[in-house]
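Q: Just passing along the structure, written as structure tokens.
The values are calculated or read from the model by the stated rules, or taken from the named source; none is laboratory data. Predicted model only: the values in this text are computed from it and were never measured. Note that each Cβ is placed from the backbone with ideal geometry, even for glycine, and that neighbours are counted across all protein chains shown.
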Amino acid sequence: MDEFALIRQFFRQRAGHGAGVVLGPGDDGAVLAPSPGCELVMSIDTLISGRHFPEDLPAADIGWRSLAVNLSDLAAMGATPRWCLLSLSLPDASADWLEAFCDGFYALAEQAGIALVGGDTVRGPLMITVQVTGEVPAGRALLRSGARPGDRICIAGVPGEAAAGLAQWQAGVRDGLLSARFCRPQPQLALGQKLRGVASACIDISDGLLADLGHVLDESGVGAELLLTQLPVSDALSGWGSEEAVLRAQLAGGDDYLLLFTLLPGFNLPRDAVQIGRIRSETGLAVLGRDGMPLTALPAGWDHFRTP
Ligand SMILES: Nc1ncnc2c1ncn2[C@@H]1O[C@H](COP(=O)(O)OP(=O)(O)OP(=O)(O)O)[C@@H](O)[C@H]1O
Ligand SMILES: Cc1ncc(C[n+]2csc(CCOP(=O)(O)O)c2C)c(N)n1
Ligand SMILES: [Mg+2]
């Protein structure tokens, strides 16, 4: 299949429809009509085979994941997904691989109501970049910088399950809840939109709970106290590894794509959310163990350029 047949078959016929799409794939650029009274939220993420997902991950999961991690950034901003661009670097033009990739990608795109409006396709090592655009009512985006002393720190979901799922995958266990958490992250879009005007700050967990909470604290100029006893855990996660491995996955595993947010005073916790700590004015992050004493060594999150 040549480059233009590939684009026609997989990306022109199936893409491009949706609200505000004046012109989709096929020209030098897409033409889009933003909704009146809204601001645009844009984000981009690259996924590299072997670095962001195992080389033997099925193409349908790669398609889902590439969009999911991007939608999660829109969720963290409280945005409604609208349009996306897809840049694909492929080692070869396998119709079977592309069919499966598109199944995963378009399944989530339909679920989230986002239209693919353009992209780029080149030959090279397997690498996928997705750029997403969403909308928020003007001035209502959720930021990392709004956390204030006394705010409750909350999460809805079990951090660590995705990292445990990846470890299981790499050990050859490829079914079950943990593996699904890694292969098919569910961006918390509805929660993000519900948090507008309710959360003082929000971020999605990609690098690890502590690392991403650290970004909120830095941007807000505050500190925090986390209570280990309040951290959500599931039977699947606690049955997966030693207590130490589970704790490391919960605090620093990454790949969770769960929203971590701080609640404004006076608001109830959203359904399914739990409080795991509190913002304080004293800078730094204290993680209190079962005995109420701060842990002395905290695991670091994902860093592409950390030197060992
Ligand atoms: N090359 C770059 N040029 C401009 N801005 C960048 C660049 N790389 C990162 N940034 C910005 O730095 C901030 C943090 O980027 P990062 O990729 O760590 O995002 P994240 O949401 O924390 O994590 P994830 O990529 O997993 O979603 C974002 O606002 C991003 O737009
Ligand atoms: C094969 C494989 N090995 C390790 C990991 C873990 N990992 C890679 S990048 C990243 C942070 C988010 O990426 P970014 O900051 O680029 O958005 C994490 C937690 C993985 N997902 N797949
Ligand atoms: Mg993010």
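Okay, residues lined up against (1) within 16 Å of ligand 2 (Cβ to nearest atom); (2) over 19 Å from LEU259 (Cβ atoms):
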position	(1), (2)
ARG14	no, yes
PRO25	no, yes
GLY37	no, yes
SER43	yes, no
GLY50	yes, yes
ALA68	yes, no
LEU71	yes, no
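Q: Out of ALA30, ALA59, which single residue is more than 16 Å from ligand 2 (Cβ to nearest atom), of a type outside the set (Phe, Trp, Tyr) and surrounded by 19 or more Cβ atoms within 10 Å (Cβ to Cβ)?
A: Values: ALA59 fails: more than 16 Å from ligand 2 (Cβ to nearest atom).
Testing whether each residue is more than 16 Å from ligand 2 (Cβ to nearest atom), of a type outside the set (Phe, Trp, Tyr) and surrounded by 19 or more Cβ atoms within 10 Å (Cβ to Cβ) leaves just ALA30.
Q: Can you find even one residue in region 65-81 that is surrounded by 15 or more Cβ atoms within 10 Å (Cβ to Cβ) and among the basic types (Lys, Arg)?
A: Initial filter on region 65-81 (surrounded by 15 or more Cβ atoms within 10 Å (Cβ to Cβ)): 65-81.
After this cut, where a residue has to be among the basic types (Lys, Arg) as well, the list is 65.
Checking region 65-81: at least one residue is surrounded by 15 or more Cβ atoms within 10 Å (Cβ to Cβ) and among the basic types (Lys, Arg).
Q: Report yes if ALA164 is touching a Leu at 6+ places or on another chain (Cβ under 8 Å) and either surrounded by 17 or more Cβ atoms within 10 Å (Cβ to Cβ) or more than 22 Å from PRO299 (Cβ to Cβ) (or both), otherwise no.
A: Details: touching a Leu at 6+ places or on another chain (Cβ under 8 Å): yes; either surrounded by 17 or more Cβ atoms within 10 Å (Cβ to Cβ) or more than 22 Å from PRO299 (Cβ to Cβ) (or both): yes.
Spelling it out, ALA164 is indeed touching a Leu at 6+ places or on another chain (Cβ under 8 Å) and either surrounded by 17 or more Cβ atoms within 10 Å (Cβ to Cβ) or more than 22 Å from PRO299 (Cβ to Cβ) (or both).
Q: Is it true that ILE62 is in contact with a helix residue (DSSP H, G or I) (Cβ under 7 Å, 6 or more places away or on another chain) and modelled with pLDDT of 95 or more? Working first, answer last.
A: Working: in contact with a helix residue (DSSP H, G or I) (Cβ under 7 Å, 6 or more places away or on another chain): yes; modelled with pLDDT of 95 or more: yes.
Yes: the conditions hold for ILE62.
Q: While we're on this one: Out of all the residues in region 291-303, which are free of Cβ contacts under 8 Å to residues at least 60 places away in the same chain and either within 16 Å of ligand 3 (Cβ to nearest atom) or assigned to a loop (DSSP other than H, G, I, E, B) (or both)? Working first, answer last.
A: Here is the first cut: in region 291-303, the residues free of Cβ contacts under 8 Å to residues at least 60 places away in the same chain are 291-294, 296-297.
Matches in region 291-303: ASP291, GLY292, MET293, THR296, ALA297.
Q: Same structure again: Can you tell me which residue is nearest to ALA100 (Cα to Cα) among those in region 165-187 that are touching a Phe, Trp or Tyr at 6+ places or on another chain (Cβ under 7 Å) and part of a loop (DSSP other than H, G, I, E, B)?
A: The qualifying residue nearest to ALA100 (Cα to Cα) is ARG184.
Q: Test LEU213 against the criterion of being within 16 Å of ligand 1 (Cβ to nearest atom), in contact with a strand residue (DSSP E or B) (Cβ under 7 Å, 6 or more places away or on another chain), closer than 18 Å to GLY146 by Cβ and modelled with pLDDT of 95 or more, and give yes or no.
A: Details: within 16 Å of ligand 1 (Cβ to nearest atom): yes; in contact with a strand residue (DSSP E or B) (Cβ under 7 Å, 6 or more places away or on another chain): yes; closer than 18 Å to GLY146 by Cβ: yes; modelled with pLDDT of 95 or more: yes.
It is true that LEU213 is within 16 Å of ligand 1 (Cβ to nearest atom), in contact with a strand residue (DSSP E or B) (Cβ under 7 Å, 6 or more places away or on another chain), closer than 18 Å to GLY146 by Cβ and modelled with pLDDT of 95 or more.
Q: Quick check on my filter: what residues within region 200-236 are surrounded by 23 or more Cβ atoms within 10 Å (Cβ to Cβ) and on the phi > 0 side of the Ramachandran plot?
A: Listed by number, the list holds a single entry, GLY208.
Q: Further question on the same structure: Working only within region 97-151, note down all residues that are among the aromatic types (Phe, Trp, Tyr) and within 16 Å of the chain's Cα centre (by Cα).
A: Initially, region 97-151 is screened for residues among the aromatic types (Phe, Trp, Tyr), giving 97, 101, 105-106.
Matches in region 97-151: PHE105 only.
Q: So which pairs qualify, if the first residue must be in region 198-223 and among the charged types (D, E, K, R) and outside any helix (DSSP H, G or I), the second must be at pLDDT below 95 and within 12 Å of ligand 1 (Cβ to nearest atom), the Cβ gap must be under 7 Å, and the two must be at least 6 apart or on different chains?
A: Every condition considered, the pairs that remain are ASP207/GLY301; ASP207/TRP302.
Q: Is it the case that GLN250 is surrounded by 13 or more Cβ atoms within 10 Å (Cβ to Cβ), more than 16 Å from ligand 1 (Cβ to nearest atom), assigned by TED's automatic domain parsing to the domain that holds VAL216 and not in a strand (DSSP E or B)?
A: yes
Q: Taking strands (runs of 3 or more DSSP E) that fall entirely within region 47-164, which contain at least 3 residues that are assigned by TED's automatic domain parsing to the domain that holds ASP27, within 29 Å of PRO34 (Cβ to Cβ) and within 16 Å of ligand 1 (Cβ to nearest atom)?
A: 80-90, 127-137
Q: Within region 249-272, is there a residue that is polar (S, T, N, Q), closer than 26 Å to VAL173 by Cβ and more than 16 Å from ligand 3 (Cβ to nearest atom)?
A: Taking region 249-272 and keeping what is polar (S, T, N, Q), we get 250, 262, 268.
Still in the running and closer than 26 Å to VAL173 by Cβ: 250.
Applying the additional criterion that residues be more than 16 Å from ligand 3 (Cβ to nearest atom) yields 250.
Yes, region 249-272 has at least one match.
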